[in-house]
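Data block below; observations after.
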């Protein structure tokens, strides 16, 4: 808890002091202690938290082990509804994508007539773009050139013709990689000049983790739960104005569709955010990894890039922006491949050169992930043999997600003490839970109340969720994030169990 | 005014100190300009960006390679050059230079990617059995699921068994294995944990000169202090403990030395350290309380007679509990080198020895933020540490391919040393291992002057000329570090033998 406060302050001085003191201990006294201890390690790393794989998940993994070893539990399996991992929850890969990947891995299969021509054609093209025609060669650090060209064309098609320059595309090891790289470039300064980065509360905790690691100042702007987690410019302005007193706000991060909220921002809102970023001189980071995951009627994905350009040159030639996409979500769910890209807009050319240099140190993103991304942005077309199956599979996955989104909202809203906003998009629900005061008091002794709640749920039902405290929430409110990914039948059972648990829990602490 | 501050700092490339408060001024200045004057300046400029990133250099893909890529483009557009192709002998990328992947590995990877192929009779049973084993360890039996952040459990177990076999039975705990996105990822993560402190307490990290510039780049980015220890060119790039001592003692005056990095077999030097030397280094690290980082990605690439790979872990344990219970060590391996050359898969691991438990928890937490290393790379690593065994259908072919690749490399290592040593002005140490030669160059005084006039390092000037005249892309020694007044270049020995012969002639 106190760590969170520290991470919002500018001062690393407290931590450094600790470090200095340990240092004297080591120098002054003949010490048999280790070189690398909690006291002598990088203090920023200690401030990093990542709830999606945090303590509750570690406990879940332990329980799974206990189950395997024959321990008796009130359940036979642990349901990991903590992480947006579709395949782990039974979603099937898209056939075409895996066929091409197999062909790229073992090109002898190009002679095999079991594979459709369009898959072979894509594989040949990808291999032709690889050193020595092998996906085992390093690629250019910015990513395979023809893949970047395909990404640019995809963006143009998506955005109604607005041009995309392949030179502004950087392939990355998942979207996380590119997000961290951009933040790394942006964060500098000391004391009151330290870079501040605006992030939504709630947010996907990669952002808070990266800011802690970089020693940046985290500037929280609260999404409006009562208005379906929408973004309010007034709140952005409040946050940035307050922040200017103690840091140098330079960046605004937004996740759309939202994680954990599932909110899909309106076009008007996106315009307002862009206008705000320009007024306040902020670098915009638009995390759009869920761009195909839009379910609610009346909602549509509007890319920040598109809206920016539709606002005319006053904005489109000045606002600096990076947008991020990934192969981990949408209908593909190919998390393990670590594919992703970012598009940078209006980036200073000298900074661009620095960015290229920076990514070169890690050589290149994984080539299988780059190949996969190429297929995502260049899928089977209507006149191609794989098109029908591809569309069928894609539609089925997205329709199932939409169904589960609706079901989840519906069921949770029948539970007294649970309020669930519509899951407009993405892959999660982030319902608000009312906790009895007795439970809050009991928890406060050692745990954040929603962690206490979620731990109980895990121990009693084998369902692993992530407490809202891991994402951020308004003081005094509690939430949890659950994925909507388990297969529909299993999801129904999970929802039921949570409903029953909540009722029991409320009763126990009444 | 601000620009001067920026320029001054960008010249401090390798002796990077912790960033100076002068950058504060730049940032404040920008702010004042913003508030005081209606400005059209960008948010993110060279002056307002993270200053440590500016100090980063990575020569292996630096300016000379950018020029090489430009030349390739010009060639593809039909422009006439004194050469028909650019030969990228700058980077340790075996497949790009024509080396073939190992059949078995690619078969298993194809099976893992598209499990329908498990019904295909053209694949051998041992490949199918590995694929099933890997898929069963994946969420939803799919490589598309995230794995545990430390890496797939069964792969880590296989890695531990590999290490035990390699090290003659010295036990290995899978809990100490972290799979990574290439070895680079593990190396950077460890350095991140290690670097802290301010001013004269800032963490110092000892690295060899010459070194693989991932290290200097990571140290620059982290704002750590780089402590150079010079390898002995006259003695085949061997490591001298008295030189380690000299470097350390000098460094203690201005920083807090805490880590010692060593690459064995060496990059760029190709040197394979003797067992005695490794023992001495361990003893030194124990005595001086340094965290040891042993980069062993070339462990199968040993060519010279009388040379052998000795893993730091093995030697450490053979030195008895006084050392094996105390010395903190991280060793790194990768799927990018050896006989596999699967750079694009970004597979790797590190083994952590004697790490403090609380720090280990922090490490586990840190790697969780990036979710997991690429699963195809993890699968590949599993095959590398668990290859076909005698009696399995793929064994004969596997050994044949592996042997062919390694002996070709040994042949090319010898050829390279031989040919380069016939050239007056070039002196090449034996390429005992790894994938590179790092010969020293005598550059005529006139050329040195012309280079300086151009603002270029003399060996960069030399390499640029070579590139423009012959299309051969090498990396100047200045990119790796070298003693003042000496010049080198690093060239890979990877091109196919006949092409290599032509290259060496040129």
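Any read-out appearing in this document is the output of simple, stated calculations on the displayed coordinates, not a laboratory observation. The model shown is predicted, which means the values in this text are computed figures rather than measured ones. All Cβ positions, glycine included, derive from the backbone under ideal geometry; neighbour counts span all protein chains shown.
Working from the Cα coordinates of region A:221-264, the gyration tensor eigenvalues give, after taking √(5λ), semi-axes of 22, 12, 7 Å in decreasing order. Pair-distance distribution of region A:139-377: all C-alpha pairs, bin width 10 Å, starting at 0; shares per bin in whole percent are 8, 34, 39, 18, 2. One Cα centroid belongs to region B:154-191, the other to region A:261-318; the line between them spans 44 Å.
Using Cβ counts within 10 Å as a stand-in for footprinting exposure, how do B:452, B:202 rank, fewest first? Let's see the in-between values first.
Details: B:452 12, B:202 20.
In increasing order of surrounding Cβ atoms, one gets B:452, B:202.
Report Rg/Rh for region A:347-434, rounded to two decimals, where Rg is the Cα radius of gyration and Rh the Kirkwood radius.
1.21
Distance from the Cα centroid of region A:437-504 to that of region A:131-204 is 34 Å (rounded to whole angstrom). Dividing the mean sequence gap of close Cα pairs (under 8 Å, 6+ apart) by how many residues region B:202-251 holds gives a relative contact order of 36 percent. For region A:202-268, the relative contact order comes to 33 percent (Cα pairs under 8 Å, sequence separation of at least 6).
Per residue, the convex hull spanned by the alpha carbons of chain B comes to 191 Å³.
Value of Rg to Rh for the protein assembly as shown, rounded to two decimals, is 0.95; Kirkwood radius and Rg both from alpha-carbon coordinates. Working from the Cα coordinates of region A:261-395, the gyration tensor eigenvalues give, after taking √(5λ), semi-axes of 28, 23, 13 Å in decreasing order.
Based on a Kirkwood Rh over C-alpha pairs, give the Stokes-Einstein translational diffusion coefficient of region B:366-427 at 4 °C and viscosity 1.567 mPa s in µm²/s. The diffusion coefficient I find is 84 µm²/s.
Could you work out the relative contact order of chain B, using alpha carbon pairs under 8 angstrom and six or more residues apart, expressed as a whole percent? Let's see the in-between values first.
Details: 884 pairs, mean separation 102.9, N = 506.
Reported as a whole number, the value is 20 percent.
Across peptide B:146-159, how many C-beta atoms of other chains are within 10 Å of each residue C-beta, on average? Intermediate values should be presented prior to the final figure.
Numbers: counts 13, 4, 3, 3, 0, 0, 1, 2, 0, 0, 0, 0, 0, 0.
So the per-residue partner count for this stretch is 2.
Built from the Cα atoms of region B:242-397, the convex hull projects on average onto 12.4 nm², one quarter of its surface area.
Evaluate peptide B:347-359: per residue, the Cβ atoms of other protein chains within 10 Å of its Cβ; return the mean as an integer.
Details: counts 1, 0, 0, 0, 0, 1, 0, 3, 4, 9, 3, 7, 10.
That average works out to 3.
Among beta bridges identified by DSSP and lying wholly in region A:281-408, the antiparallel ones come to about 60 percent.
In what sequence do B:428, A:146, A:364 fall when counting other Cβ within 10 Å, fewest first?
On the way: B:428 20, A:146 16, A:364 24.
Going from least to most buried by this count: A:146, B:428, A:364.
The residues A:169, A:233, when put in order of fewest to most other Cβ atoms within 10 Å, stand as A:233, A:169. Extent along the principal axes, Cα only, for region B:159-245: 41, 35, 21 Å, with the longest axis given first. Note on residue B:308 and residue B:468: the model spin-label points, each 7 Å out from Cα along the C-beta direction, lie 5.0 nm apart. By the Kirkwood approach, averaging reciprocal distances over each pair of separate Cα atoms, chain A gets a hydrodynamic radius of 24.4 Å. The Stokes-Einstein estimate for region B:62-171, based on a Kirkwood radius over Cα pairs and taken at 10 °C with 1.306 mPa s viscosity, is a diffusion coefficient of 88 µm²/s.
Restricting things to alpha carbons, find the Rg to Rh ratio for region B:108-178 using the Kirkwood radius for Rh.
On the way: Rg = 14.1 Å, Rh = 13.3 Å.
Dividing the radius of gyration by the Kirkwood radius yields 1.06.
Within region B:261-349, what percent of beta bridges assigned by DSSP are antiparallel, to the nearest 5? So the antiparallel bridges in region B:261-349 amount to around 20 percent.
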